[in-house]
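Written out below as structure tokens is the structure these notes cover.
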Amino acid sequence: MARVLLEHIYKTYGGASEPTVKDFNLDIQDKEFVVFVGPSGCGKTTTLRMIAGLEDITDGNLYIGERRVNDVAPKDRDIAMVFQNYALYPHMSVYQNMAFGLKLRKVPKAEIDKRVQEAAKILDIAHLLDRKPKALSGGQRQRVALGRAIVREPQVFLMDEPLSNLDAKLRVQMRAEIRKLHQRLQTTMIYVTHDQTEAMTMGDRICVMRDGIIQQADTPQVVYSQPRNMFVAGFIGSPAMNFIRGEIVADGGKFYFRAPSISLELPEGRHALLKNSGIVGQPVVLGVRPEDLHNEEVFMETYPDTVINAQVEVVEHMGAEVYLHCSVGSNTIIARVNARYPYQVGSNVKLAVDLNKIHIFNAETEESIGFATAGSKQEVTV
Amino acid sequence: MARWAKALGLRYIFDEAGASSEEGVACGSWRLENGVWQLGVGDGVVRFADWDGPAEVREALTWTLLALQPGDSERGRHPLAAWYDHCRQLSLHALAEQFSGEAAEGAAMDKGGPELGAFTYPGYFLVLSPLLRRDEASDAWKTARELMLEVMRATLCDVWNKDVADGTQILTYVPAQAFDTAFDDLSLWTSDHPPKHADRTRTVVDHLATAIREEGLIDVAISVSMPVLEQAQLRQAILSLAMASRLHGAQRVGGQRVAVFGDQPMAFLLSAVPESALRTILAMVSARSASNPEEWPNGWMELTRAMMRANLNVSEAARAMYVHRNTLLARIEKVYEETGFDVRVIDHLMVLHLAALAMEQQGAYN
Ligand SMILES: Nc1ncnc2c1ncn2[C@@H]1O[C@H](COP(=O)(O)OP(=O)(O)OP(=O)(O)O)[C@@H](O)[C@H]1O
Ligand SMILES: [Mg+2]
């Protein structure tokens, strides 16, 4: 059981002019499940490998438990790593596969047996112990690979995209399995993925990275509803958040977001924030998630001032829902609406914007001005 | 040496490398120059005056001399291990030259030690180098060595092995059959893409590297030789192995640690190009674009590589890069704007690929 603390961690690869990981600070609590997520090349694997000790830390401090481990060899860090290409031994039974690492470490036979049986039970593969890898399904193999890590009883599990070789259906199933596993083992886990859905569904906390820098580290709910900048806002959520460039205009004691063919009056509760943020009269980007655009009559009748007119360009059927790709002025936006209504390409639709859920970003810095945050605070106090 | 010379009644002169202006003779090979037989011994050349040097005697001399290099007398150097160590010392150019020369001569190794006869053909040589961190304890190598061999045994079979490179790498020989069996037993491929034969070996070697990393938390670089079809190819195979391992140096991207001889003929070709020519190639490429390759948008190399791998199929490249197709299209446009090359056009893509390899190669020079 251990806390993992990363303090001002930098990584510069030999020969590189710029660090790959920059000033990485994260305090991972004992038993926490943290997910590193970000686009390809943002430094997730590099960070994980530094925690494992496979990569030297250029600068900063790394603690596992109470111990500073910068200079501790990987095998002495009490961690286990699971990779995308899980390594099973073809000629050995499942039991032998799980016992192999312990045998190498000269763990007594009785102890090996105890741990393997336990792990097999946790993973629900006790009935497969005599099989060879060839006779296992993809999901079962993945479980054996996890079992090999579990029997080591590490303080921390590190997983680098362990599921990305599995087909979509199995992947969804294994996500849940790994979550369950975490609850049973009560061990710290650090999980790397490029897949935001995986991050959202698995992490106690997710750490969104870009170009080697943490953009935001928080619970999935907070990262989703209060993204700190446009990158996080656009990266998390599918389909992605709609961005519309425009400006904030003050007019007769009221504030509006204006863009070609759009004018939205912003709620009174946010006036103070708008004034204080110095954003009035400045170019901004409005962010609105596809599910916060509504076409239900009720919504439009209740909030007639929030309606924008759009033209349907593509109708994407997803089953219970429909993604409407629409044009509004020169912008293209996606609305996620109920499949009950008929939609026709080329027709006009009215979409009501849920103004309590919108985001406003400074167009230059791409930072959020905290519009959604302010909203949620206010809702709590009112 | 002296003993041999006496037994055979030979006169010899030892020239240290660099002592003469002539080109040296590769370690273990013979050259007849002006009627004088010369043997390369690594740190120099031994010349045998007034001797007609029958092939069998020369062969025997080679093994005797090179298998018992000073300092190795206790362990007794295995000829293949000695040959590998020698190849490691050569420049890439010298390696390539010997490789093509050897191919022409088909130089045999059939008078080697008794162990050589026990090899099963076809097979591959692998050399495994654990990448230990500089501050790791001195017993780290020993632990790593044990572990690597155990994992190889568990993944493939019992393998012939020798320590090389002053005991920092292991040279092994693996019958091709073992790769095939492991590949089938692991069913490593996804059903829609069963790899071709050449890729099977590679897949298993990747698997092996992962197993070692997972089991011992050790990064390992693995190089793989050309397939060895018969005993006569052993020396040449070791040369190919040395060439593959040398390409690791030029290949910095993506933490790729497996190099298979024959996998990267393009990179190899470029590694043979002089630096000034590389600079010119890059200058030619950037002449077309608005900026220097150093200033090109981030990720153009990844994009190029992904498009190559995906056979110019944008959707497939997007999938491989885990980005949405539209995102990739936007990136392609951006790269096109900045570089003047469109990765969807094969001619352009090849130029970018070449530029990427050239830059990697330049990085290896620096
Ligand atoms: N050994 C290395 N030497 C030099 N650069 C490296 C090395 N390993 C990785 N890099 C570079 O560091 C950056 C971050 O790589 P890293 O593998 O950490 O990314 P990642 O977030 O895990 O990406 P992915 O989602 O593709 O796995 C990349 O630009 C990569 O090219
Ligand atoms: Mg990665």
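Structure notes:
- Some residue of the stretch A:104-113 being farther than 19 Å from B:D185 by Cβ and at the interface with chain B (Cβ under 9 Å from one of its Cβ atoms): yes
- In the set (1) within 12 Å of chain B (Cβ to nearest Cβ); (2) farther than 21 Å from B:L131 by Cβ, the condition left unmet by A:A80 is number (2).
- For the stretch A:32-48, taking the residues that are of a type outside the set (G, A, S) and in contact with a helix residue (DSSP H, G or I) (Cβ under 8 Å, 6 or more places away or on another chain), the one that is nearest to ligand 2 (Cβ to nearest atom) is identified as A:T45.
- Complete set of residues in the stretch B:307-328 that are in a helix (DSSP H, G or I), touching a helix residue (DSSP H, G or I) at 6+ places or on another chain (Cβ under 7 Å) and more than 14 Å from chain A (Cβ to nearest Cβ): B:M307, B:M308, B:V314, B:S315
- Residue within the stretch A:168-191 that is within 12 Å of chain B (Cβ to nearest Cβ), surrounded by fewer than 19 Cβ atoms within 10 Å (Cβ to Cβ) and within 16 Å of ligand 1 (Cβ to nearest atom) present: no
- Flag for A:R270 being modelled with pLDDT under 95, among the charged types (D, E, K, R) and under 18 Å from A:H359 (Cβ atoms): yes
- When residues of the stretch A:192-202 are limited to those that are within 16 Å of ligand 2 (Cβ to nearest atom) and part of a helix (DSSP H, G or I), the one surrounded by the most Cβ atoms within 10 Å (Cβ to Cβ): A:A199
- Hey, A:V21 within 12 Å of ligand 1 (Cβ to nearest atom) and buried (at least 21 other Cβ atoms within 10 Å of the Cβ) or not: yes
- Selection status of A:Y89, buried (at least 18 other Cβ atoms within 10 Å of the Cβ), under 22 Å from A:L166 (Cβ atoms), assigned by TED's automatic domain parsing to the domain that holds A:F157 and among the aromatic types (F, W, Y): yes
- The stretch A:40-55 residues that are of a type in the set (A, V, I, L, M, F, W, C) and in a helix (DSSP H, G or I), paired with ones that are at pLDDT below 95 and near ligand 2 (Cβ under 9 Å from one of its atoms) (beta carbon under 6 Å, 6 or more apart): A:L48/A:D160
- Counting only helices (runs of 4 or more DSSP H) wholly contained in the stretch A:78-175, the ones carrying 2 or more residues that are under 22 Å from B:D184 (Cβ atoms) occupy A:94-104, A:138-150.
- Some residue of the stretch A:174-190 being within 15 Å of ligand 2 (Cβ to nearest atom), touching a residue at least 24 places away in the same chain (Cβ under 8 Å) and more than 18 Å from A:A87 (Cα to Cα): yes
The values are calculated or read from the model by the stated rules, or taken from the named source; none is laboratory data. Just so it is clear, the structure is predicted and the values come from calculations on it, not from any experiment. Positions of Cβ are generated from backbone atoms using ideal geometry, with glycine treated the same way; all protein chains shown enter the neighbour counts.
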